[in-house]
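Participant: Got a structure for you, questions after.
Readers should treat all values here as calculations from the given coordinates under stated rules, not as data from a laboratory. Small disclaimer: the values here were computed from a predicted structure and weren't measured. Note that we place each Cβ from the backbone using ideal geometry, even for glycine, and neighbour counts take in every protein chain shown.
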Amino acid sequence: MSSMKQSSPQEALEASLAENRPGFLKNARVYLSGPMDFVHSRKEEKKRGWRVRVGQFLKTLGATVFDPWSKPSVLGMYDYGREGEKSARLRQTWTFEQTEKGRQARKQCCDTFREIMHLDLRMVDISDFVIAYSPTNIYSVGTPHEIIVATQQHKPVLFVSPPVSFTALEHLRKHLEEKQDEKGQLLLADLERQVPIKSNPGGVPSLWYMPLVGGENFFDGFGFARYRDQFEWTPDPVDRLEEKFPPARPLLPFLEQLHRKGKAPEKRDPVSGKMVPDDDWLLLDLARQNRT
């Protein structure tokens with residue numbers, strides 16, 4: 001008696017999509033942009049962060065994913081632009097010391113991180129579109145650079161700006177008030193000024209990003225809950241955030257619908273005010289070209 005092979009969660013999603021597959025994102029190349037230096041844990045972010053999940057999802061659609069945590073090898077220069085714990089430790093050698101030793105330390109940092117920047121921007125160059133995760137509470141320089149490069153190349157940037165809520169801060173403030181701890185309250189207020197700690201429950205992005213990215217390309221979350229069982233993702237803080245603030249416009253359902261429809265999304269024309277096809281979505285049909 002033969003037994004039927006059970007499909008994996010990823011295969012099940014692929015089969016579901018294949019039922020009506022125009023496959024708009026099949027063979028599309030996607031770069032995943034977002035903070036890396038000042039995340040809570042680089043190790044955890046690399047192992048199970050949002051890029052891992054979004055990358056798995058996109059691969060079921062047949063897309064090629066460029067993840068700066070897992071860079072592709074460069075032919076003939078296999079260590080070029082590699083980023084990991086070693087590069088994080090190198091960052092700690094930076095000094096402002098005006099000596100030959102100090103200048104050499106700065107040179108090594110600049111040379112190493114120039115390779116990383118070069119490779120990341122090359123991945124942006126060869127991508128069809130960029131997904132950028134940019135919470136307003138995490139400092140980042142590379143993410144704006146990559147968004148600007150993609151925008152200048154007339155590539156779509158799908159921008160995820162999640163709500164920012166400091167639950168632990170709220171609990172600490174309440175605790176200090178109840179205990180009438182005046183010194184603790186003063187220290188907390190001073191800490192908030194130094195950081196600064198600013199909640200953003202609406203996930204409103206920086207005003208500069210609004211005209212740069214365009215109103216139709218913003219999302220307030222990923223919508224992981226809908227796909228968690230299919231991919232067997234382990235619950236993490238992003239899931240708890242999306243449970244507390246259910247996304248009004250989640251990214252992953254948008255990508256799935258875009259893939260099924262088989263045509264570019266629309267944007268608002270600034271002159272007529274009407275919705276028109278977004279001509280930044282230039283996904284070249286090389287397979288059809290090769291058949292003719």
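Participant: At a Cα cut-off below 21 Å, give the lysines reachable from Lys101, other chains included and same-chain residues fewer than 8 away excluded.
Facilitator: Cross-link targets: Lys86.
Participant: Could I ask something else about it? Projecting each Cα onto the charge dipole of the chain (Lys/Arg +1, Asp/Glu -1 at the beta carbon, about the Cα centre), which of Phe113, Pro265, Ser206 comes out farthest on the positive side?
Facilitator: Toward the positive end, the furthest listed residue is Phe113.
Participant: Grab the DSSP H runs of the chain that are 4 residues or longer, score each as -39,500 (n - 2.57), total them, divide by all residues and round the 222 nm result to the nearest 500 deg cm²/dmol.
Facilitator: Estimated from H runs of four or more residues: -13000 deg cm²/dmol.
Participant: Where does the longest stretch of the chain lie that holds no GluC sites (Glu not before Pro) found in a DSSP loop with 12 or fewer other Cβ atoms within 10 Å?
Facilitator: The answer is 98-231.
Participant: While we're looking at this one, here's another question. Taking the Cα centre of the chain as origin and charging only Cβ (+1 Lys, Arg; -1 Asp, Glu), how large is the dipole, in debye to the nearest 20?
Facilitator: In debye, rounded to 20, the chain gives about 580.
Participant: A further question on this structure: Note the direction-averaged projected area, equal to a quarter of the hull surface, for the Cα convex hull of the range 124-269, in nm².
Facilitator: Mean orientational projected area (the range 124-269, Cα hull): 11.4 nm².
Participant: So how do Asp278, Asp229 line up by other beta-carbon neighbours within 10 Å, fewest first?
Facilitator: Ordered from fewest to most neighbouring Cβ atoms within 10 Å, Asp278, Asp229 come out as Asp229, Asp278.
Participant: Okay, moving on. Roughly how tilted is helix 182-194, in degrees to the nearest 10 and between 0 and 90, from the longest Cα axis of the chain?
Facilitator: For 182-194 against the chain, the angle is about 50 degrees.
Participant: Consider just the alpha-carbon atoms of the range 134-197 and return their Rg together with their Dmax, both in angstrom.
Facilitator: Over the range 134-197's Cα set, Rg and Dmax evaluate to 18.1, 56 Å.
Participant: Going Cα to Cα from Lys155, which lysines come in below 26 Å? Please leave out same-chain ones fewer than 8 positions away.
Facilitator: Lys26, Lys46, Lys59, Lys71, Lys261, Lys263, Lys267, Lys274
Participant: When the Kirkwood hydrodynamic radius is evaluated over all pairs of different C-alpha atoms of the chain, what value in angstrom, to one decimal, is obtained?
Facilitator: Taking every pair of different Cα atoms in the chain, averaging 1/r and inverting gives 21.7 Å.
Participant: Right, next: Could you line up Trp69, Trp94 from fewest to most neighbouring Cβ atoms inside 10 Å?
Facilitator: Trp94, Trp69
Participant: Put +1 on the Cβ of every Lys and Arg and -1 on every Asp and Glu Cβ in the chain; which of Trp233, Gly81, Val195 then has its Cα farthest towards the positive end of the dipole?
Facilitator: Of the options given, the answer is Gly81.
Participant: I'd like the orientation of helix 167-178 relative to the chain: the angle between its Cα long axis and the longest Cα principal axis, in ° from 0 to 90, rounded to 10.
Facilitator: 30 degrees
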